[in-house]
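**Student:** Before we start, here is the structure in question, set down as structure tokens.
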Amino acid sequence: MSVEDRVRSHFHADAERFDAIYDDERKGPLSRWIDNVWRGVVRRRFDLTLDALEPLAGKSVLDVGCGSGRYCLAFADRGASRIVGVDL
């Protein structure tokens, strides 16, 4: 496997692990508790970021290091007119 493929694979897996923090539907009670207690800051940062950028309606947003695009989708849901997400 090339270096590029290994880097791509690493960051793809990293984005999946990060997104899993937000996905409670496929977790058991212990995993949900762990995410809420130890990783709850990630969810709070998400909400605080969106609240701080309001109002987004009609705005353009550049998300550098966007990972899977979770924030980009939230910006679109809140009315941003143009969103560009860039990641490795």
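**Student:** Are any of the residues in the stretch 37-47 open to solvent by 40 Å² or more (accessible area, probe 1.4 Å), of a type in the set (A, V, I, L, M, F, W, C) and assigned to a loop (DSSP other than H, G, I, E, B)?
**Tutor:** Keep residues of the stretch 37-47 that are open to solvent by 40 Å² or more (accessible area, probe 1.4 Å), which gives 37-39, 41, 43-45, 47.
From what's left, of a type in the set (A, V, I, L, M, F, W, C): 37-38, 41.
Next, from what is left, pick out any that are assigned to a loop (DSSP other than H, G, I, E, B): none.
For the stretch 37-47, residues open to solvent by 40 Å² or more (accessible area, probe 1.4 Å), of a type in the set (A, V, I, L, M, F, W, C) and assigned to a loop (DSSP other than H, G, I, E, B): absent.
**Student:** Do you know which residues across the stretch 48-64 are surrounded by 11 or more Cβ atoms within 10 Å (Cβ to Cβ) and farther than 14 Å from Y22 by Cβ?
**Tutor:** From the stretch 48-64, those surrounded by 11 or more Cβ atoms within 10 Å (Cβ to Cβ) are 48-50, 53, 56, 59-63; that's our starting set.
Within the stretch 48-64, L48, L53, L56, K59, S60, V61, L62, D63 meet the criteria.
**Student:** Going through the stretch 3-35 one residue at a time, which ones are surrounded by 12 or more Cβ atoms within 10 Å (Cβ to Cβ) and of a type in the set (K, R)?
**Tutor:** Correct list: R8, K27, R32.
The values are calculated or read from the model by the stated rules, or taken from the named source; none is laboratory data. Fair warning: this is a prediction, and the values are worked out from it, not measured in the lab. Backbone-built Cβ (ideal geometry, glycine too); neighbour counts: all protein chains shown. Each accessible area value is taken on the protein alone, full model and side chains, heavy atoms only, with ligands, DNA and RNA left out. Shrake-Rupley method; radii C 1.70, N 1.55, O 1.52, S 1.80 Å.
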